[in-house]
Structure formats: C-alpha cells, structure tokens
Amino acid sequence: MHVIDRRLNPGGKSLVNRQRFLRRARALVQRAVRDSLKDRSIKGIDQEGEVTIVRDGVHEPTLHRSGQGGNREYVLPGNREYVSGDQIDRPQQGGGGGSSAGDGDGEDEFRFMLSREEFLELFLDDLELPDLAKRRLTGGEIEGVRRAGFKTSGSPASLSIPRSMRNAMSRRLALRRPSRAELQRLEDEIALVEARNPPEPGDAALLERLREERDHVVRRRSLISYIDPIDLRYRRYEEVPKPVAQAVMFCLMDVSGSMTEHMKDLAKRFFALLHLFLSRSYRHVDVVFIRHTDRAEEVDEDTFFYSRETGGTLVSSALDKAVEIIRARYRPDDWNIYVAQASDGDNLTQDNPRTIALLQDQILPIVQYAAYLEVGREEDPMAGGTIASDSDLWQAYVTVQAPKGRFVMRKVHHRREIYPVFRELFQRRGVGVRGGAA
Amino acid sequence: MTVKSATPLFEGHDWDFGLIQRIYDAVEQVAVGEMGLDTYPNQIEVITAEQMLDAYSSTGMPLFYKHWSFGKQFLSNEMLYRKGVRGLAYELVINSDPCISYIMEENSVTMQTIVIAHAAFGHNHFFKNNYAFKQWTDAEGILDYLEFAKRYIADCEERYGHDRVEHLLDAAHALMHQGIHRYPRVRARDLKAEAAREAERHAYQERIYDDLWRTLPRGKAEAVVPADERARALQLPQENILYFLEKFGPRLEPWQREILRIIRLIAQYFYPQRQTKLMNEGAATWTHYTILTKLHERGQLTDGAFLEFLQSHTNVVHQPTFDSGHYGGINPYALGFGMMRDIERICVAPTEEDSVWFPDIAGSGDPVGVLKDIWANYRDESFVAQFLSPRLIREWRLFKLDDQQQAPKLRVDAIHDERGYREIRRALMRHYDIGWQEPTIQIVDVDLAGDRRLMLEHDVNDGVLLAAADAERVLQHLANLWGYEVCLTEKDRETGKELKQHRAQPFAAGLE
C-alpha cells in the first residue's frame with residue numbers, strides 16, 4: 001500500500017474546462033453580468049460574484065424516458081396507513097416517487113460563481129474597452145521591480161558578467177598580474193637559449209635568471225587569480241512602490257424625474273469604470289455621492305441610484321455642495337480630486353452663469369479631472385444631429401475654459417460610448433499622481 | 001465479544017502518514033486476514049477539498065479529456081459547496097489496478113479509518129470480484145487508456161480545431177448511454193492495446209498510401225442489396241448507436257471515428273457501476289461497518305472514535321420515508337446496507353420464514369462466504385429479485401403504488417403483507433433494471449439505395465415515451481454525425497402501434 005500526498009500537486013485542474021464553459025456560454029454570461037450590475041455597488045464592481053444564466057443554453061440532452069404519461073409503478077418506504085386497494089390522489093407535481101420518475105428538466109436556472117478576473121473581463125468587454133486599457137485595468141498590481149545598481153551577493157541568475165569581468169580586470173591590473181603573453185615570452189626566451197648549440201658564454205647565468213623570472217611569474221599568476229570571488233557583482237533590483245496617494249471621487253447626478261432608469265444605468269457604469277480606474281492608480285479611493293434636484297445633498301449609494309426626487313433642476317447646487325465638502329473634508333493638497341457629473345442636460349437657464357463660474361473658478365483649479373456625461377435615451381440618434389439642439393447645460397459647459405485634458409464632456413446614449421470619455425485619462429499614464437500626498 | 005486487549009490506534013482528531021499506515025495495517029488485518037477479502041493493491045492519495053472538486057467534475061478520474069460540460073459541472077459543484085448546500089464526499093475510489101482511493105485532508109482520523117475500510121477494501125473487493133466488472137472493464141488499462149484519450153483528443157483539437165472537436169464531443173456525449181454493448185458477445189476489453197491499435201492503423205495507412213489510386217476511374221454503382229443481407233452486413237438491428245456510427249457512418253473522418261470509439265469505451269467502462277450501484281455501496285458500507293465494529297471490540301478503536309463513526313454511519317444509511325419531505329428516492333447506501341445485514345442475519349439466526357424463502361443460505365453460519373458469493377455473481381436487479389426478504393420489506397414498510405395513465409387516482413397495489421412481498425420485490429427489481437428504466441432504442445434499417453436515411457425504433461414500455469425536447473436535440477446530434485436524415489419511431493412494445501415519430505436533418509455544415 002502506498003499513501004501519496006497529492007495536496008501539493010498543482011491545483012486548478014478544472015481551469016481549462018471552466019474557461020471552455022464560459023466561452024461556450026459567453027453570450028449568456030455576458031448578459032448575466034450586465035444584469036447583475038444593478039445589484040453591485042460601484043466599489044464592489046471588481047469582486048467575484050454569483051451569476052445566473054438560463055440552463056437551457058448549456059443543456060446536455062440525452063435520450064431518456066419522459067417524466068410524464070404512461071403506466072408506472074413506484075415502490076416507496078414508510079407506509080403508515082395504506083392497505084392494498086387504497087386509492088390516493090395524485091400528488092401535485094408529477095410522479096410521487098421513484099428516483100427514475102422525477103427525472104425531468106430540473107431547474108431552468110444555472111447559478112455559479114465568477115471569479116474577480118472573469119467578472120471584470122466580461123464587464124469591461126461589455127463596455128467595449130480596447131484590449132490595452134482592459135489589460136491595464138485587469139492586470140495585477142502595478143508595483144514592479146526596476147534595476148538599481150549592483151550588489152556583491154545574490155543568486156547566480158542575477159550575476160552581471162560584464163561588471164564582474166571588469167572588476168576582475170582592474171584588480172589584475174592593479175596587482176600587476178603577469179599576463180600570459182609575458183609568460184610565453186619568457187618560455188620562448190628560455191627555449192631559445194637552451195637550443196643554442198654550442199652554448200655561448202654566460203648562457204648558464206642567463207638561463208638561471210630567466211628561469212627564476214619565469215618561476216616568479218608563474219607564482220604570481222597562481223597567487224593572483226584570474227577571477228576572484230571579490231570581483232563578482234550581481235544585479236540589484238529594487239521594488240518600486242506604488243505612489244502612496246489617495247483620491248476622492250465625487251459622483252454628481254441629477255435625480256429629477258426626467259432621468260430614466262436607462263440614463264441612471266449608464267451613469268452607474270460610468271461611475272463604476274471611473275472608480276475602477278482610480279482604484280488602480282491610488283491606494284485609497286473615497287467616493288462621495290451627491291444627488292441634486294434644485295437642491296443638493298450627500299447620500300449613500302443606494303439612495304443615490306434608486307430613489308427618485310421631484311423638483312426643478314439647479315446644477316449649481318450640486319457644485320456648491322461639492323465645493324463645500326472639499327473644503328470640509330478633502331484638502332486639495334492631500335487628496336487627488338476627481339469629479340464626475342451625470343445629467344440629462346436640464347438646467348434652469350438663469351442658473352447657467354453661476355454653474356460655469358463655480359466649475360471654472362472653484363472646481364477645475366483644484367481637481368485632477370472633471371467629466372461631464374450627458375446621458376440620453378437609448379433610442380436617441382447620435383448626438384449632434386442637424387436638428388437636435390444642444391441642451392442648456394451642454395451649451396453652458398462648452399464655454400468653460402480648462403487646461404487640456406482637465407475637463408471632458410461627452411454625450412452618451414449607449415454603454416459602448418462610455419469608454420471614449422476616459423480615453424484621454426487612460427492615455428496619460430499615471431495621470432496626476434502627486435507624490436507625497438499621503 | 002473478544003476481550004479488549006489491544007491499545008487504541010489513535011486518540012483525538014489529527015492524523016499523520018505514519019498513523020494512516022498503522023490504521024491501514026489494522027484494517028487490512030481484519031479485511032484480508034479474517035474476512036478474506038480479495039482486493040487489488042491499494043494506493044491511497046491525500047487531496048484537498050479543491051482537488052476533490054476537480055475530481056468530481058472529471059467523473060472521479062485523475063485525468064480526463066477536456067470539455068466544457070466538465071467545466072459546467074465544476075462550477076455548479078463549487079457553487080453548492082461554497083454555499084454550504086452540499087458537503088463533499090469523504091472519499092472517491094477508482095476502479096483501477098492498483099485501486100486508487102482519494103481521502104480528504106480535512107477528514108478526522110476516524111473518518112479516514114472509515115474511508116479506508118469502505119473504499120480501499122469494500123469497493124475494491126467488489127470491483128475486483130463482481131462479474132459485471134470482470135466482464136466489461138479493464139481495471140489495469142483504464143488509466144493508461146484515459147491518458148491516451150486525453151492526448152488523442154488534444155491532438156485532434158490542435159489539428160482540426162477546437163470547435164469541430166467540441167461539436168463532435170457534444171454529439172457523442174448525448175449518445176453516450178446508447179454506446180454500450182449490453183450483452184457480452186464481444187471479448188473483454190484490453191484498453192492497453194487500444195493506443196497501440198490506433199498507432200498501428202495510422203502507420204499502416206501511411207504505408208499503403210499511394211496517390212495513384214485516386215486516378216483510377218470509378219466503377220459502376222453497386223447493385224441494390226436485399227434487406228436481409230444488408231441487415232447482416234450492417235449488424236442490424238443495433239442498439240449500440242456509437243458503435244454503429246464508428247463502423248458504418250458514411251461521412252465521418254478517421255479521427256472522428258476514433259473519438260466516438262473513445263467515448264464509447266469510456267461509457268462501457270462506467271456501465272457496470274450503474275448496474276451495481278446498490279450492491280456496490282451496500283457491500284462497501286457493510287464492510288466498513290463490520291471492520292470498524294471489530295476494531296472497536298478489540299479495543300483498537302476508542303469509544304469516542306466509535307461513537308463518531310456511528311454518527312456518520314447513521315447519517316449515511318438514513319432513509320427518509322416517502323412523506324417526510326426529504327424523500328429523494330431510495331438511498332442505495334441504506335437499502336444496500338440493510339440487505340447485507342439482513343443476509344448476515346439469515347445466515348446466522350434464521351427465522352422459520354427465512355428458511356422457507358432462502359433455503360440455500362438460511363442458517364449456513366458463514367455470512368462472509370455467502371456475501372462474497374453474492375457480491376461476485378449478482379447485479380442490483382438480480383440481487384433485489386433474489387434477496388429482498390419479507391422481514392426487510394416489513395422493516396422498511398415498503399409499499400407499491402400503481403400509476404395508470406387512465407385512472408384518476410393512484411392505487412396502492414401491494415403493502416408489506418403475505419400477498420404483497422413478491423409483488424413489491426418484483427417491482428423494486430424493475431426499478432433497478434437498467435434495461436427497463438432506460439429506453440430501448442435500436443437502429444433498425446438504413447436506406448442505402450435511396451436517401452441514406454437512418455431509421456431507429458424506440459420500444460415503448462408501459463406507454464412512457466421519450467422526453468420530447470431532449471429527444472429532438474439528441475436526434476439533431478445524431479443526424480449531424482450520420483450526415484443524412486435520421487428518423488426515430490416510437491412503437492408500443494405490445495401492440496406494435498406507432499406512437500410518435502421524430503425526424504432530424506443534419507445541419508448543412510454537418511459537424512463543421
């Protein structure tokens with residue numbers, strides 16, 4: 001008998017099958033991920049989770065006898081009161097028993113867990129992110145290693161041959177190690193003298209001197225080694241720490257009655273993507289939700305997305321609130337501030353000047369990035385059509401002056417249009433990460 | 001009861017490899033030394049819960065080819081496990097030589113003792129001695145064969161594309177239960193030779209390949225073959241659909257035939273397990289119960305460990321009654337164990353009734369010998385038909401219900417009384433008869449002269465038709481494999497009346 005410990009065998013034997021299943025059911029899983037976004041918070045977007053797909057799509061058919069119809073017999077345990085000949089009502093659902101009887105189609109839902117990577121991958125796919133951006137978001141920690149000089153000990157794999165050889169050479173030069181050519185010259189000379197026939201006078205003395213010299217050279221060569229442990233240098237690597245930094249993200253949204261569920265859904269995806277991006281760049285990300293009608297208030301995420309208010313629309317109230325919160329809690333010196341605003345574009349016309357002033361003079365100077373997302377109905381034609389006029393807020397924001405890349409505005413009708421808003425953000429690597437802001 | 005002499009093998013919960021070895025030796029002492037069980041050499045492998053999940057989704061085998069359906073199984077098992085809906089099995093055992101048993105690292109040492117007695121001796125003895133396994137499976141060759149299958153299918157994926165192989169496997173899996181020889185007219189499999197056979201065939205083809213043959217003018221079409229001759233040539237009627245396709249499928253490429261063969265042989269390998277579920281579990285459970293009781297009697301097992309054992313044993317052999325709400329069919333562990341215990345009792349202390357019902361074994365005084373004989377020579381169906389005793393029927397309070405399609409109500413046909421015993425036993429036997437429970441489907445004819453339509457028949461029992469939605473899908477797979485139209489007729493077994501017909505046309509692209 002053998003006992004074999006298999007615990008250390010590489011796990012994940014089912015990984016390939018798992019991937020194949022996901023590939024097979026890709027369309028279904030994708031839809032499930034899209035739907036499950038409703039139940040996820042913005043911060044929890046990149047976590048593993050449960051999804052449900054219709055079983056029918058991944059059904060494996062076999063030829064088997066139907067669960068209904070025909071004449072059947074059942075043998076059951078636990079008789080209490082029946083005697084033979086009794087008549088019993090049929091139970092509500094199909095056959096009452098034998099394991100062969102109820103072998104119908106089973107549940108019509110298939111539930112399983114998606115890992116964090118799988119979920120994120122599908123989520124980002126759905127937004128049609130380019131592969132490069134996707135990789136940056138889904139990839140592991142950005143913290144890396146970089147070359148940083150040399151050290152005297154290390155593993156053979158990191159031995160720096162040029163540097164070690166250079167050290168060896170300078171040591172040999174400094175200690176005047178005789179070269180091989182020198183030795184050869186002496187050898188040749190000795191051979192020459194020895195070969196002379198008849199020997200010239202003084203040869204014996206010369207020969208003795210030369211031999212002595214040669215012995216000396218040989219001795220020096222063996223004492224001063226060609227390469228010595230003290231010459232060895234190893235490449236040194238240094239871990240590059242992620243900049244210790246924190247960011248706060250302001251989500252501003254108009255929640256007046258004109259915002260439909262579809263619009264809010266678009267806004268949520270937008271916020272989620274921004275959060276995902278920020279949490280890649282910063283170690284700590286706070287999220288502040290501000291909703292507004294004609295007055296603004298800070299709320300939690302649930303209220304933010306799922307409660308409806310009535311009232312007019314004053315965008316400046318939200319900006320006011322943001323400024324107020326920044327003053328109170330997030331000193332711009334310590335925090336990287338991001339502002340993302342989603343709205344259907346309604347605003348009271350007389351509020352526009354004040355809105356522009358707030359954004360341009362108070363907010364833009366202290367934030368890293370501000371984005372305005374104008375969400376439209378799904379069936380809307382592409383924005384900027386000939387007749388469709390721009391919304392009040394859009395007209396106002398167009399006039400805002402800001403450094404390039406600091407303020408971005410975009411109209412979005414479909415989730416695939418969300419990513420372009422971030423394009424500049426993704427292109428500028430390590431955007432606005434201020435060192436030392438801890 | 002023997003005197004408690006030995007010192008306990010262990011106390012507490014934790015185990016290490018030395019202890020496993022000592023436990024194994026003690027169990028072997030009882031199982032082989034006293035009971036005379038005859039097993040393959042054992043190999044016990046310690047695995048983690050995650051690895052157990054992996055093993056689950058490849059039907060328990062340590063290696064298997066890749067297919068999405070195993071991924072699906074894995075995901076659903078993982079979900080159930082993580083949510084705590086279902087625990088994992090304590091063990092898994094593979095019918096191979098040497099016999100591999102998996103034990104989980106989380107198990108307590110008492111559990112490991114049960115598992116060793118249950119799997120490494122109970123199941124192992126059954127695998128080695130039962131006639132169905134002897135006839136149909138090749139324990140020595142299975143792991144090598146799976147290795148070959150895995151590599152072959154992976155090669156095909158590289159050569160012909162993932163999608164084509166996946167579609168082929170989908171179709172083959174759908175027909176897996178129709179890929180079994182049920183009657184032993186073919187010699188037992190030598191799975192080791194399979195890989196060699198395939199390599200040889202391949203080499204031969206390469207050797208005789210000559211491009212010149214292609215240039216020969218084609219001869220005249222063959223004359224129409226009369227039906228009976230055709231049937232003989234095609235070995236019709238044929239219930240092994242995968243075999244038929246492998247041999248006669250007109251549009252399959254050699255690698256597709258080989259994969260069909262692989263699926264067919266694997267299905268055949270598992271067939272005895274389905275035939276002997278009740279007996280196999282019954283035998284293993286009875287074995288572990290007997291061995292652990294003996295160990296306890298000798299003092300090799302502490303009282304605490306014995307109580308822990310009894311608790312998990314009781315859970316395993318629990319049978320909810322039909323109206324309890326937990327009822328999910330008859331628990332094979334419970335019924336199997338119950339019957340084994342009952343047979344033991346009949347051998348040792350028979351009642352008058354037993355002497356009438358079981359004259360051959362009643363009072364024989366050698367329960368182990370009788371049981372070993374039963375384990376070797378029966379399968380579930382014949383086992384129940386022979387050995388379900390009136391006493392057990394009374395104990396379980398079994399009763400039989402008749403569900404006639406026309407009748408408005410169910411009728412209690414038999415209960416545990418003198419008139420009912422035989423009827424209940426007959427009905428329960430039917431329940432374990434795979435040939436009765438699974439539809440009988442045969443290929444009856446091929447229209448070779450015409451449109452090459454493949455004709456199948458389902459012998460309908462008791463008016464129970466095939467589940468229609470599934471049948472349509474499987475037929476679609478079959479049509480894709482066959483390459484031409486497929487027609488399945490459901491005919492009543494008694495009257496021969498045609499009840500229903502399914503047809504399927506292959507997709508234009510066939511298996512592409």
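The values are calculated or read from the model by the stated rules, or taken from the named source; none is laboratory data. In this text the structure is predicted, and so the values were computed from the model without any measurement. Here Cβ is always computed from backbone atoms with ideal geometry, including for glycine, and neighbour counts include all displayed protein chains. What goes into the accessible areas is simple: the full protein's heavy atoms, side chains included, and nothing from ligands, DNA or RNA. Shrake-Rupley method; radii C 1.70, N 1.55, O 1.52, S 1.80 Å.
Here are some notes:
- Pairwise FRET efficiency - residue B:468 versus residue A:16, Cβ, R0 = 45 Å, nearest 0.05: 0.85
- Trypsin sites (Lys or Arg not before Pro) restricted to segment B:37-84 and DSSP loop, no more than 11 other C-beta within 10 Å: B:83
- Vicinal HN-Hα couplings computed from phi for segment A:406-415 (Karplus, 6.51 cos²θ - 1.76 cosθ + 1.60; Hz; Gly/Pro x): 7, 10, 10, 10, 7, 9, 9, 10, 10, 5
- Residues residue A:9 and residue A:35, FRET efficiency given R0 of 45 Å [Cβ-Cβ distance, rounded to 0.05]: 0.75
- Theoretical gain in end-to-end length, residue B:214 to residue B:314 [0.36 nm per residue, Cα-Cα removed]: 29.0 nm
- Relative contact order for segment B:17-130, counting Cα pairs under 8 Å that sit 6 or more residues apart, in percent: 38
- Cα-only radius of gyration and Dmax that characterise segment B:17-130, units Å: 15.1, 47
- Residue B:463 sits among other residues whose Cβ lies under 14 Å from its own Cβ, and their net charge, with Lys and Arg +1 and Asp and Glu -1, is -3.
- Solvent accessible area, Å² - residue A:349, 1.4 Å probe, full protein context: 90
- Counted by Cβ distance under 13 Å from residue B:387, the other residues give a net charge of -2, where Lys and Arg count +1 and Asp and Glu count -1.
- Diffusion coefficient, µm² s⁻¹, Stokes-Einstein with Kirkwood Rh over alpha-carbon pairs of the protein assembly as shown at 37 °C and 0.692 mPa s: 92
- The mean sequence separation of alpha-carbon pairs under 8 Å and at least six residues apart, normalised by the residue count of chain B, gives a relative contact order of 15 percent.
- Among the listed pairs A:43/B:83; B:72/B:500; A:13/B:192; B:83/B:400, those beyond 27 Å (Cα-Cα): B:72/B:500; B:83/B:400
- Pairs of alpha carbons in chain B whose separation is greater than 42 Å (percent): 29
- Helix B:191-208 vs. chain B, principal-axis angle (Cα, 0 to 90°, nearest 10): 20
- Projected label distance in nm at residue A:297 and residue A:390, using a 7 Å step from Cα toward the beta-carbon: 3.4
- Taking A:35, B:417 and ordering them by how much accessible surface each has at a 1.4 Å probe, largest first, produces A:35, B:417.
- Per residue, the average separation of C-alpha pairs within less than 8 Å and at least 6 apart gives segment B:438-504 a relative contact order of 31 percent.
- Modelled label positions at residue B:351 and residue B:422, each set 7 Å beyond Cα in the direction of Cβ, lie 2.0 nm from each other.
- Probe 1.4 Å - accessible area at residue B:182, Å² to nearest ten: 50
- Checking the cross-link pairs A:264/A:404; B:247/B:491; B:66/B:150; A:264/A:411; B:409/B:497 against a 19 Å limit on the alpha carbon distance flags A:264/A:404; B:247/B:491; B:409/B:497 as lying beyond it.
- Once both labels are positioned 7 Å from their Cα atoms along Cα-to-Cβ, the gap between residue B:203 and residue A:204 label points is 8.1 nm.
- Annotation for segment A:298-362: trypsin sites (Lys or Arg not before Pro) lying in DSSP loop with at most 16 further Cβ atoms inside 10 Å of their Cβ are A:308.
- Within segment B:380-411: backbone nitrogen closer than 19 Å to the residue A:88 label point (7 Å, Cα to C-beta): B:393-411
- DSSP beta bridges in segment B:438-504 [antiparallel fraction, %, rounded to 5]: 65
- Between residue A:350 and residue A:401, the FRET efficiency from the beta-carbon distance, with R0 = 22 Å, is close to 0.55.
- Solvent accessible area, Å² - residue A:48, 1.4 Å probe, full protein context: 90
- A simple count of charges around residue B:409, restricted to other residues whose Cβ falls under 14 Å of its Cβ and scoring Lys, Arg +1 and Asp, Glu -1, yields -2.
- Solvent exposure, largest accessible area first (probe 1.4 Å, DNA, RNA and ligands not counted), of A:118, B:158, B:472: B:158, B:472, A:118
- The charge dipole of segment B:317-435, taken about its Cα centre with unit charges on the Cβ atoms of Lys, Arg (+1), Asp and Glu (-1) only, comes to about 280 debye.
- 3J(HN,Hα) along segment A:202-212: x, 5, 4, 5, 4, 4, 4, 5, 4, 5, 4 Hz, from the Karplus curve 6.51 cos²θ - 1.76 cosθ + 1.60 with θ = phi - 60°, whole Hz, x for Gly and Pro.
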